[in-house]
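Asks: Below: one structure in structure tokens.
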Amino acid sequence: MTTSIASRSRVERLSRRSRRIVAVATVLGLPSMYAWSAFWTGTSVPAIAWGWAVFALMGVTLAGAVVLYRYVRGRADLADAGLDERERALRDRAWILSYQVLATVVVLLGAAVVVPVLAFGHSVTVDAPLATAVAICLGVLLPLLPAAALAWLEPDPVGED
Amino acid sequence: MARAPGRVDPILYNRLAVLRAERGLTRQDLADALGVNYQTIGYLERGEYNPSLDLALRAAEFFGLPVEAVFSRRPFAPMSSQLYGSGVDWPGSGS
């Protein structure tokens with residue numbers, strides 16, 4: 001995407017290290033929120049004591065998504081229009097990395113269900129709240145993954161002339 | 001296929017930064033001429049991206065040089081040593 005130096009925002013000048021922190025925090029924020037809630041829900045600890053963290057973790061994913069989308073600016077989309085050859089190569093690598101991450105998560109989730117059943121004879125119950133949490137996490141994070149992967153992969157930005 | 005950005009080898013050395021400076025061009029100027037993002041020029045100069053054959057040929061054509069004068073698999077010798085070490089009689093060289 002042919003952006004000029006003058007039009008670069010502060011987000012576009014983020015170092016790779018900063019982008020990687022944002023990408024990981026964004027992807028982990030929502031699942032962490034559900035895990036945090038599941039841990040405390042049903043305990044005698046009042047919600048006022050732990051509820052703030054729920055909003056904070058949701059906010060991490062929300063704010064991170066805004067930063068990632070502003071950084072990527074459509075470069076993770078599948079359309080080639082406006083992308084040069086480096087950006088297309090980077091976009092392809094980002095999609096490959098996204099698939100690898102997704103495949104790993106699917107395998108781990110599958111193993112978490114199958115292993116207790118087959119290896120230990122336990123029964124695993126997938127109730128509505130758990131299914132909803134997984135569905136929301138996938139629904140929110142799947143479209144974000146290529147942008148997060150691109151932000152993770154791209155080297156440090158080039159300085160001014 | 002061009003080497004993906006962020007990978008380190010195989011390294012393709014180039015003289016883009018020197019040629020650009022010689023002609024007083026900014027990265028943006030060169031990027032506009034070659035039809036790429038100015039960041040791509042920066043990554044090329046830093047050796048963090050290897051161009052496709054098409055882009056390499058376009059860059060060489062833009063500078064009016066053979067492609068091997070712009071890109072090489074081996075590090076380039078400094079231009080000064082190439083010029084002054086080759087017996088060329090340059091004004092002010094004292095020879």
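Asks: Please report the orientation-averaged projected area of chain A, defined via the convex hull of its C-alpha atoms, in nm².
Replies: Averaged projected hull area, Cα only: 12.1 nm².
Asks: Next up: A drop of at least 40 square angstrom in accessible area, chain alone versus all protein chains together, probe 1.4 Å. Which residues of segment A:66-97 meet that?
Replies: When all protein chains are present, A:84, A:85, A:86, A:89, A:93 each give up 40 Å² or more of accessible surface.
Asks: Something else: So how strong a dipole does chain A carry about its Cα centre when Lys and Arg Cβ are +1 and Asp and Glu Cβ are -1, to the nearest 20 debye?
Replies: That gives a dipole near 280 debye.
Asks: Roll a 1.4 Å probe over the protein heavy atoms and report the accessible area of residue A:39 in Å², nearest 10.
Replies: In the full protein context, residue A:39 sits at about 140 Å².
Asks: So what is the relative contact order of chain A, in percent, for Cα pairs below 8 Å that sit 6 or more residues apart?
Replies: 41 percent
Asks: Which one of B:34, A:148, A:54 is farthest out on the positive end of the charge dipole of the protein assembly as shown, using unit charges on Cβ (Lys, Arg +1; Asp, Glu -1) and the Cα centre as origin?
Replies: Value: A:54.
Asks: How crowded by other chains is A:151-157, given as the mean number of beta carbons from other chains within 10 Å of each beta carbon?
Replies: Averaged over the peptide's residues, the number is 4.
Asks: Kyte-Doolittle mean at least 0.5 and Cα extent at least 30 Å along the axis: which DSSP H helices of chain A qualify?
Replies: Helices meeting the criterion: A:47-72, A:85-120.
Asks: Could you report the buried accessible area between B and A, both sides summed, computed with a 1.4 Å probe and given in Å² to the nearest 100?
Replies: 1900 Å²
Asks: What's the ranking of A:130-138, B:43-51 by average number of surrounding C-beta atoms within 10 Å, highest first?
Replies: B:43-51, A:130-138
The values are calculated or read from the model by the stated rules, or taken from the named source; none is laboratory data. All figures in this text were calculated on a predicted structure; none of them were measured in a lab. We place every Cβ from the backbone using ideal geometry, glycine too, and count neighbours over all the protein chains shown. Keep in mind that these areas ignore ligands, DNA and RNA; they rest on the heavy atoms of the full protein, side chains included. Shrake-Rupley method; radii C 1.70, N 1.55, O 1.52, S 1.80 Å.
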